Amino acid sequence: MADGSDDSQDRRGGRAKSSNQEWLLAVLPAFPLVLLVLRLWYAGRQDTQTLLLLVQHVSPLGLLSSVLIPGLWIIPAVVLLIRVLSALYVVSARRSSLLVRAADRIPDWVLVVAVAVALLAWQLRFLPTLLMLTLAVLGLTVRERGHRRSAVRFVGAVLPLLAAVVCYVLLAPAIADAMHEGDRVTLLLLAMPPGLSALLTGPVPRAFAWVISHGVALLVALVLPVVVGVVFLRVPVMPLVAVETTGEDGLPPVIVGYTITVDDRMTTFLSTDGIVRFVDNDHLGVQTLCPDPAEIPNSRVDLRGWYVEESMISWLAPERATTPDDPRCQGRRAG
C-alpha cells in the first residue's frame, strides 16, 4: 500500500511539473507580444484609436527589432544570475530547489554564449559587473562540481584578485574621469564589481543560503518585468522625422514626429505630443531624420574615446559622421 501511495504521489508531482511547464511555455511567447502592444499604446498616448492605426501600419520587422535590442542585455543577465544564485545555494546548503533545477537545464555552452553576447551588447559601465558575475559562476561551479582544492583556490581566490588588479589598471582613467565629473552611478558601476568578485566565489552560512539566493531571485523576478517595461517603452519603433510644411490649414511650420504611412495623396504623422496628423503631400516640404532623445548620452565619462554608455559593438563599428544640430528637430524652420 505504501508503494502504491508513493507511486500515486510521484505521478501527481510529475503532472504538476508538466502543467507548470506548459503554463510557462504558453506565457513566455505572450510576454513580448504584450510589450509590443504596450509600446504602441504608449506611443499613441494611451488612445485606443491611435493604437489601432499603429498596429495596422507599423512594420512587424521594426517591432521585432525593438524587442531584440533590449533582449541582447536582458537574456544574458537572467542566465548569469540564475547560474550564480543556484550555484551559491548548492555549495552553501547542499540541497536542491526549483531554482537549482532551473539552472541545471542551462548547459555550459549557453552560458558561454550569454557571456559573449553581453560582452558585445552591454555598455562599458556594465562590463565590470559582467566580469564579477562570470568569475562568480566559474568559481562556484568549480566548487560545486568537486574539483581539486588547488583548482578551487585558484579559480575562487587567485583569479578574481588578478582580474580585479587588471580591471582597475585598465579602468583607472575612466574611474578618475567619473570622480572628476561627479558621476556617482558610473563611479560605483566601474569601481565596485571588480573588488567584490572574490567575495562571490565561496559559500555563505547555511542558515542564510536560502534567504540570500532565493530572496535575490524573487526580487529580480519581481523587479525585472518593471525594468524591462520601462526600458522597452523608450525603444523607438518608428523613425523620428522633422518635416517643414506650408503652414496652410492650421499646420505648424514644422511637424516633429513619427511617419506612420505614406501614400500618393497623404502622409500620416504621429507627432511627439501624441497627435495624429493626416497631411496632404502638397503641403509638405523638406524632411530630415532626427536623433531619438533616448540616444543622447547622459554621461561624458569615457575610456580612451570609448564612452561608458556605448557597447563594445557600437565602439568597434564605423563612427557615424557628426552633423550639426538641425533646428527643424526642435520645431523651427531651417535658416
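Read-outs: derived from the displayed coordinates by stated rules, not from any lab. Computed from a predicted model, the values in this text were never measured in an experiment. With ideal geometry, Cβ positions are generated from the backbone for all residues, glycine too; neighbour counts draw on all protein chains shown.
What the phi angles of region 325-330 give under the Karplus curve with 6.51, -1.76 and 1.60, with θ = phi - 60°, is a coupling list of 4, 8, x, 5, 5, 9 Hz, glycine and proline written as x.
GNM on the chain, alpha-carbon springs under 10 angstrom: the most fluctuating residue among 286, 155, 241 is 286. Mean-square fluctuations from a GNM of the chain, with a 10 angstrom spring cutoff on Cα atoms, peak among 311, 65, 150 at 150. First measure r as the distance between the Cβ atoms of residue 286 and residue 199, then evaluate 1/(1 + (r/R0)^6) with R0 = 41 Å and state the FRET efficiency to the nearest 0.05. Once rounded, the FRET efficiency stands at 0.10.
In percent, what relative contact order does the chain have, based on Cα pairs under 8 Å that are 6 or more apart in sequence?
Across the chain, relative contact order equals 19 percent.
A Förster radius of 22 Å combined with the Cβ-Cβ distance from residue 119 to residue 185 puts the calculated FRET efficiency at roughly 0.55.
With a Förster radius of 45 Å, plug the Cβ-Cβ distance of residue 221 and residue 57 into 1/(1 + (r/R0)^6) and report the FRET value to the nearest 0.05.
My answer for the efficiency is 0.80.
Placing dummy labels 7 Å off each Cα toward the beta-carbon, the span from residue 38 to residue 75 is 2.0 nm. Using θ = phi - 60° in the Karplus curve 6.51 cos²θ - 1.76 cosθ + 1.60, the 3J(HN,Hα) couplings for region 198-207 round to 5, 8, 9, 9, x, x, 10, x, 4, 5 Hz; x is entered for Gly and Pro. On a 0 to 90 degree scale, rounded to 10, what angle separates helix 2-43 from the longest Cα axis of the chain? Taking the Cα atoms of the chain, the angle to 2-43 is about 20 degrees.
Label zone of residue 206 (point 7 Å out along Cα→Cβ, amide N under 11 Å): in region 91-119 this covers 92-95. Counting neighbouring Cβ atoms within 10 Å and putting the fewest first, the residues 58, 276 line up as 276, 58. Note that region 214-219 has calculated 3J(HN,Hα) couplings of 6, x, 5, 4, 5, 4 Hz, one per residue in order, obtained from phi through the Karplus relation 6.51 cos²θ - 1.76 cosθ + 1.60 (θ = phi - 60°); glycine and proline are x.
Residues whose amide H falls under 5 Å from that of residue 45, counting only those 5 or more places apart or on a different chain, are absent, with hydrogens built in the peptide plane. Cysteines in the chain lacking any other cysteine Cβ under 4.7 Å from their own Cβ: 167. Charge dipole of the chain (Cα centre as origin; +1 on each Lys and Arg Cβ, -1 on each Asp and Glu Cβ, all else neutral): 1900 debye, rounded to the nearest 20. Relative to the longest principal axis of the Cα atoms of the chain, helix 184-196 runs at roughly 20 degrees. For the chain, the longest principal axis of the alpha carbon atoms and the long axis of helix 48-57 meet at an angle near 90°. Give me, ordered by chain and number, the residues 5 or more places off residue 307 or on other chains with an amide H under 5 Å from its own placed amide H. Those qualifying (amide H under 5 Å, at least 5 residues apart or on another chain) number zero. Helical content of the chain, expressed as a calculated mean residue ellipticity at 222 nm, amounts to -20000 deg cm²/dmol (DSSP H runs of 4 or more residues, -39,500 (n - 2.57) each, divided by residue number, nearest 500). By other beta-carbon atoms within 10 Å, ranking 79, 279, 84 with the fewest at the front produces 279, 79, 84.
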